[in-house]
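Participant: Please find one structure pasted underneath; my questions will follow.
The values are calculated or read from the model by the stated rules, or taken from the named source; none is laboratory data. This structure is a prediction, so every number in the text was calculated from the model and none was measured. Here the Cβ positions follow ideal geometry from the backbone for every residue, glycine too, while neighbour counts run over all protein chains shown. Each accessible area value is taken on the protein alone, full model and side chains, heavy atoms only, with ligands, DNA and RNA left out. Shrake-Rupley method; radii C 1.70, N 1.55, O 1.52, S 1.80 Å.
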Amino acid sequence: MSKYLNGTHLIRLLIAIAIVLVTGAERSRADEVAPEKMTSETHTVVIEKLETALKKAVEDETVDLAPVRSRLADLYSERARLREMEEAKQGCQDCKGALKDRTRALELYRQVAADTPKNERGNLLIHMAHVYLLVRQPAQALKLYEEVIADGNRSHSKEVLAAAYLGRAESQFARAKFAKAQSDFETAFQLSPADRRGPIAHRIAWCQLNQGDQETAVASLVAILKNPAYTKLAATEADTNDVSFTEQVVMDLATFVARGKVTTTQMNLVEKYAPKNAKLEVMRHFANELERLGQKDAALLAWSSVAAIEPSEQGRL
């Protein structure tokens with residue numbers, strides 16, 4: 001009896017130590033007190049303790065190992081991210097540390113998913129799909145997206161279903177199945193809150209353009225730029241504009257408009273929505289696109305607009 005209790009207590013002690021270490025490290029990161037401690041080595045200490053806890057476990061233990069496996073998988077996943085950044089800084093071409101960590105994380109996640117009811121594992125499956133993409137197994141990721149979609153709203157929230165439809169849409173888009181991708185993007189759009197719809201509408205516009213519907217694609221981008229909710233930074237209460245996203249949409253607007261017949265009206269449309277600090281870059285891109293596509297008259301108009309806002313004399317020349 002004492003041996004059984006000691007084994008149980010050891011596992012619980014190791015788990016408790018691990019949680020304390022992780023919590024302390026995460027608090028340091030959140031407070032920016034000691035961000036240098038949040039390295040792959042910090043995670044390694046906790047990972048080793050949790051791996052030891054799993055090895056000590058036996059079939060007749062009373063400890064629920066699902067939370068341990070879940071936490072351990074999260075740590076492997078996070079360490080993979082940190083290692084990937086470290087490997088990139090080192091210029092390492094053949095480093096396998098991140099890949100090994102993600103492979104182990106997926107092994108643990110699969111065990112957790114097998115023991116989790118359908119209506120509670122949606123977020124886990126979406127995260128697993130993301131990890132599968134990182135280890136270049138898109139077919140496995142697609143299977144998980146389709147599993148979530150098949151379960152539907154009987155088992156999953158709108159947020160989880162939106163993520164699954166988005167994942168499947170991106171998979172179809174990558175394979176040039178633009179009609180199917182658009183259908184899934186539109187479903188994800190309906191399932192998503194307003195402040196997350198902008199990037200989805202952006203992808204829908206690309207689907208429309210790639211199917212030859214240039215006018216509708218242009219209108220879709222303009223609709224994004226007209227709606228402050230679509231260009232707002234997600235997960236923020238303030239009406240803060242996502243400058244990077246807005247500039248990307250306007251740059252694409254110039255690309256889309258250049259695919260059709262361009263007159264002064266279309267020229268003014270691009271100029272109207274180009275942010276002040278990016279107008280020169282947008283109009284230069286627009287002019288280059290028009291020239292590349294053989295619209296010489298329109299290209300001359302665009303280059304005239306560029307010259308009018310070019311601040312340096314050398315640039316104007």
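Participant: Counting residues in the stretch 107-264 as N, plug N into 2.2 N^0.38 Å and put the Cα Rg over that result.
Facilitator: Working: Rg = 17.3 Å, N = 158, 2.2 N^0.38 = 15.1 Å.
Against the empirical 2.2 N^0.38 Å value, I get 1.15 for the stretch 107-264.
Participant: Along its principal axes, what span do the Cα atoms of the stretch 203-301 show, with the longest given first and each in whole Å?
Facilitator: Projected onto the principal axes, the Cα atoms of the stretch 203-301 cover 46, 31, 19 Å.
Participant: Using a simple charge model, +1 on the beta-carbon of Lys and Arg, -1 on the beta-carbon of Asp and Glu, nothing else, what dipole does the stretch 201-306 show about its Cα centre, in debye to the nearest 20? Write out the running numbers ahead of the final one.
Facilitator: On the way: 11 positive and 12 negative charges, 40 e Å.
Approximately 200 debye in magnitude.
Participant: Check residue 232: other-chain or 5+ apart residues with amide H under 5 Å from its amide H, H built from backbone geometry?
Facilitator: 242
Participant: When only alpha-carbon atoms are used, what values of Rg and Dmax, in angstrom, describe the stretch 144-225?
Facilitator: Both quantities, over Cα of the stretch 144-225: 12.7, 39 Å.
Participant: Between residue 66 and residue 177, what FRET efficiency comes out of the Förster formula 1/(1 + (r/R0)^6) with R0 = 41 Å and r the beta carbon distance, rounded to 0.05? Please report the intermediate quantities before stating the final value.
Facilitator: Numbers: r = 37 Å, r/R0 = 0.90.
Computed FRET efficiency for residue 177 and residue 66 comes out at 0.65.
Participant: Among residues other than residue 172 whose Cβ falls under 15 Å from its Cβ, what is the net charge (Lys/Arg +1, Asp/Glu -1)?
Facilitator: Details: positive: 143, 168, 175, 177, 180, 203; negative: 146, 170, 184, 186.
Result for the local shell: +2.
Participant: In vacuum, with every alpha carbon of the stretch 108-152 counted as one equal point scatterer, what does the Debye formula give for log10 I(q)/I(0) at q = 0.13, 0.17, 0.23, 0.29 Å⁻¹? Two decimals, please.
Facilitator: For the stretch 108-152, the Cα-only Debye profile gives -0.25, -0.42, -0.76, -1.10.
Participant: Taking all protein chains in place and a 1.4 Å probe, what share, in percent, of the accessible surface of the stretch 108-245 do carbon and sulfur account for? Walk me through the intermediate numbers first.
Facilitator: Numbers: 3620 of 7190 Å².
Summing carbon and sulfur atoms, their accessible area is 50 percent of the total for the stretch 108-245.
Participant: If you don't mind, there's one more thing I want to ask. Check each of the trypsin sites (Lys or Arg not before Pro) in the stretch 147-245 and keep only those in coil by DSSP with at most 16 other C-beta atoms within 10 angstrom; list them in order. Mind showing how you got there, number by number?
Facilitator: Numbers: sites: 154, 158, 168, 175, 177, 180, 196, 197, 203, 226, 232; in loops: 175, 177.
When the trypsin sites (Lys or Arg not before Pro) of the stretch 147-245 are filtered for loop state and at most 16 Cβ neighbours within 10 Å, 175, 177 remain.
Participant: Compute the length gained on full extension between residue 309 and residue 111: take 0.36 nm times their separation in residues and subtract their Cα-Cα distance, giving the result in nm to one decimal. Intermediate results must be reported in sequence, preceding the final value.
Facilitator: Details: separation 198, 0.36 × 198 = 71.28 nm, distance 6.01 nm.
Additional length available on full extension: 65.3 nm.
Participant: Counting only heavy atoms of the protein chains, get the accessible area per residue of the stretch 93-183 (1.4 Å probe) and round it to a whole Å² value. Write out the running numbers ahead of the final one.
Facilitator: Working: 5010 Å² over 91 residues.
Per residue, the stretch 93-183 has 55 Å² of solvent-accessible surface.
Participant: Right, here's the next one. Over the stretch 186-250, what is the relative contact order in whole percent, taking alpha-carbon pairs under 8 Å and six or more residues apart? Before the final figure, lay out the partial values.
Facilitator: On the way: 68 pairs, mean separation 19.6, N = 65.
Relative contact order for the stretch 186-250 comes out at 30 percent.
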